[in-house]
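What follows is a single structure, written as structure tokens, with notes after it.
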Amino acid sequence: MSENILLEINDLWVTYWRRSLLGLKGKPFHAVKGANLSIRPGETLGLVGESGSGKSSIANTVLGLVPATSGSIRFGDVELTSMRTHYPPAVRNQIQAVFQDPYSSLNPSMTVEDIVTEPLRVHTGMNRSERRTRAVELLELVSLSEEHLGRHPHQFSGGQRQRIAIASALALEPKLIVLDEPVSALDVSTQNQIINLLYERRDALGIAYLLIAHDLALVHHISDRIAVMYLGHIVEEGPSDRVYKAPAHPYTKALLDAVPLLDPEAQRRRRAARKSAPAIDAPRVSTTGCPYQNRCPSVMPRCQDAMPPAYPVNGGGTASCFLFDGGAVRHAPAIGETA
Ligand SMILES: Nc1ncnc2c1ncn2[C@@H]1O[C@H](COP(=O)(O)OP(=O)(O)OP(=O)(O)O)[C@@H](O)[C@H]1O
Ligand SMILES: [Mg+2]
């Protein structure tokens, strides 16, 4: 592995066993199918895709909350999949998480001081007064203050709770924070504040983020690279600007078409183009070939026969799409864009 990679995921499969009515092991369901991803130190990788595409399954496998079925996840020199879900403290300290729902992720019976200092109590030899001093520093990093230490989560707004969760995630100065939809439960202005806060902390502390979100526009704003998931596959990956401004995979284009445009004229053109576009089927899981073939406006006969490998794309990154076979890069304009 290159020295300059912090997290490297290779051919990761995550399988859940859906129980039958009799409680027997049931049928396997592959939520992640051969995912490859890497994150450099200090880098933000945005992971996007529609609900059920497998984003949280990747996040939870990295965090050791769900076991990998096969494949590899290397964090520095450590192979995480070989530890199943029991990470030693040295790894546990380095990978932290912030989840979507600030209402259920913080223990309601704990004070802010307890929440923020818990990782310090478990993983460091700091005494109570050292931990309190550090808690005040951490609260200041997230624009809260010492007066908040004695309060309980219910006394805070959703945005403030997410700040507390971020302060707790920062406590051990991790190298990686997994952010699974950290702002989805918040209103738009609070979302922007939290995203700006994450942005500042990352630049000041050199932390890497794996940032999961539905909103491609938001992910583009903060990420260095973006990976796009569809039905368990990473279908496209590349530098954030390239993926956002020149999406390669037809699915990424469709995702971007779902982002509202600020320019009313562009939005009108897009609507007109959508009306004249052929109707596309709802997702169906194909047993062979490209997972997107049933919805793809550019589908070709070969898409039914084999899963496209990751082909390089102009401007950086890859797309798992036969349109890019042999370097034949075809950038059809996104709906609503002028050609
Ligand atoms: N514990 C589980 N047992 C069985 N199936 C599961 C389990 N967890 C997730 N799944 C299924 O795996 C698929 C991927 O789920 P996952 O939560 O990873 O998706 P996601 O991309 O994070 O979706 P969302 O955007 O809704 O959070 C879904 O079809 C989901 O129903
Ligand atoms: Mg999820």
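Just so you know, all these numbers are worked out from the coordinates, no wet-lab data involved. Note that the structure is a prediction, hence the values are computed from the model and not measured. Ideal geometry is used to build each Cβ from the backbone, glycine not excepted, and the neighbour counts take in all protein chains shown.
Structure above, values below:
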{"item": "Gaussian network model of the chain, Cα within-10 Å springs - most flexible of D77, D180, D215", "result": "D77"}
{"item": "Antiparallel DSSP beta bridges within the chain, as percent of all bridges there, nearest 5", "result": "60 percent"}
{"item": "Calculated Rg and Dmax of segment 181-247 using C-alpha coordinates, Å", "result": "12.5, 36"}
{"item": "Relative pair counts by distance (%), Cα atoms of the chain, 20 Å bins", "result": "28, 54, 17, 0"}
{"item": "C-alpha center-to-center spacing [segment 212-229, segment 170-209] in angstrom", "result": "13 Å"}
{"item": "Calculated FRET value between E50 and H123, using beta carbons and R₀ = 30 Å, to 0.05", "result": "0.25"}
{"item": "Sequence of S72, S53, S129 once ranked by neighbouring C-beta atoms within 10 Å, starting from the fewest", "result": "S129, S72, S53"}
{"item": "Value at 222 nm in deg cm²/dmol, rounded to 500, when DSSP H runs of n ≥ 4 in the chain each add -39,500 (n - 2.57)", "result": "-9000 deg cm²/dmol"}
{"item": "D11-S189 pseudo-label distance in nm [points 7 Å out on the Cα-to-Cβ vector]", "result": "5.2 nm"}
{"item": "Amide H contacts of G46 (H built 1.01 Å from N, under 5 Å, at least 5 apart or other chain)", "result": "L211, D224, R225, I226, A227"}
{"item": "Given the chain, longest segment not containing exposed loop trypsin sites (Lys or Arg not before Pro) (DSSP; at most 11 other Cβ within 10 Å)", "result": "85-283"}
{"item": "Whole-Hz ³J(HN,Hα) from phi, Karplus 6.51 cos²θ - 1.76 cosθ + 1.60, for segment 98-104, glycine and proline x", "result": "10, 9, 5, 9, x, 7, 9"}
{"item": "Mean Kyte hydropathy of 0.5 or more with a Cα span along the axis of at least 15 Å, helices from DSSP in the chain", "result": "none"}
{"item": "GNM flexibility winner over the chain from P67, P153, P28 (Cα, springs under 10 Å)", "result": "P28"}
{"item": "Residue order, fewest to most beta carbons within 10 Å, for T81, T288, T117", "result": "T288, T81, T117"}
